[in-house]
1. Read through the list (1) closer than 22 Å to Ser129 by Cβ; (2) at pLDDT 90 or above, then give the number of the only condition that Glu63 fails.
2. Please work out which one of (1) out of contact with any Lys or Arg (no Cβ under 7 Å at 6 or more places or on another chain); (2) more than 15 Å from Leu57 (Cβ to Cβ); (3) not β-branched (Val, Ile, Thr) is the condition Pro134 fails and give its number.
3. What about Phe83, is it aromatic (Phe, Trp, Tyr) and either within 24 Å of Asp24 (Cβ to Cβ) or touching a residue at least 40 places away in the same chain (Cβ under 8 Å) (or both)?
4. Let me confirm something: among Tyr26, Tyr46, Tyr13, which residue is part of a strand (DSSP E or B) and at pLDDT below 90?
5. Please find, within the stretch 65-100, the residue that is nearest to Lys146 (Cα to Cα) out of those that are among the polar types (S, T, N, Q) and surrounded by fewer than 15 Cβ atoms within 10 Å (Cβ to Cβ).
6. Restricting to the stretch 146-169, name every residue that is surrounded by 13 or more Cβ atoms within 10 Å (Cβ to Cβ) and in contact with a His (Cβ under 9 Å, 6 or more places away or on another chain).
7. Could you give every pair whose Cβ atoms fall below 7 Å, whose first residue belongs to the stretch 65-78 and is among the polar types (S, T, N, Q), and whose second residue is outside any helix (DSSP H, G or I) and surrounded by 15 or more Cβ atoms within 10 Å (Cβ to Cβ), counting only separations of at least 6 or pairs across chains?
8. Considering only residues that are within 17 Å of Ser166 (Cβ to Cβ), touching a strand residue (DSSP E or B) at 6+ places or on another chain (Cβ under 9 Å) and of a type in the set (A, V, I, L, M, F, W, C), which ones fall in the stretch 131-154?
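The values are calculated or read from the model by the stated rules, or taken from the named source; none is laboratory data. The model shown is predicted, which means the values in this text are computed figures rather than measured ones. Positions of Cβ are generated from backbone atoms using ideal geometry, with glycine treated the same way; all protein chains shown enter the neighbour counts.
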Amino acid sequence: MKSIFTSESHDVYQTVTGSVVVHDRYPNSAVVLALHKGHMVVIRQYREGIGTYAYELPGGAVEPAEDPLEAAQRELLEETGLFARDLTPLATIQSCGHLTNETAHLFFAAETVIQAPQHLDADEAIQVSLHTIPEALHQIVVGTWKNPELAHAVLLALLHGHIRRSGLD
């Protein structure tokens, strides 16, 4: 592989076939499928990589010495103002393995409480919304919500019985 770019957090390489690969030095993220009063918590934020707004689950980077579960609780609180006492691990996934080494730790929170206002990073503008499970499934099926972590977490939560698709047409 040929090095194209190096920064404090990323190395970008070109493979022998011409593909570009991003190596993240802090590759772990934590993502939470959280319920608040029976509704799924979804965030909407602009993503430069796709040039538009994306619907996602609350989450973000796991700091170098941080446990993914602690990061999930921290990110949920920062991005939504909600606190979840109990988080259930759903899976660890690699959503874009052909391009990056990023690993996402998925968690489920059956109950949340409002704890504080959002505490966003300077470069974040996040809108929080609540959705019924049938509505969320519909948005995934019709392709409005395209985020792989969101879809994967919803599927696993359904398969493990954490949520039900009741009311889906």
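1. So the condition that Glu63 fails would be (1).
2. Going through the list (1) out of contact with any Lys or Arg (no Cβ under 7 Å at 6 or more places or on another chain); (2) more than 15 Å from Leu57 (Cβ to Cβ); (3) not β-branched (Val, Ile, Thr), Pro134 breaks only (1).
3. On the way: aromatic (Phe, Trp, Tyr): yes; either within 24 Å of Asp24 (Cβ to Cβ) or touching a residue at least 40 places away in the same chain (Cβ under 8 Å) (or both): no.
No.
4. Tyr13
5. Applying the first criterion (among the polar types (S, T, N, Q)) to the stretch 65-100 yields 73, 80, 88, 92, 94-95, 100.
Next, only the ones that are surrounded by fewer than 15 Cβ atoms within 10 Å (Cβ to Cβ) stay: 92, 94.
On the way: Thr92: 18, Gln94: 15 Å.
Checked the stretch 65-100; the qualifying residue nearest to Lys146 (Cα to Cα) is Gln94.
6. Correct list: Leu156, Leu168.
7. If the second residue must be outside any helix (DSSP H, G or I) and surrounded by 15 or more Cβ atoms within 10 Å (Cβ to Cβ), the pairs left are Gln73/Ala84; Gln73/Leu87.
8. Ile133, Ala136, Val154
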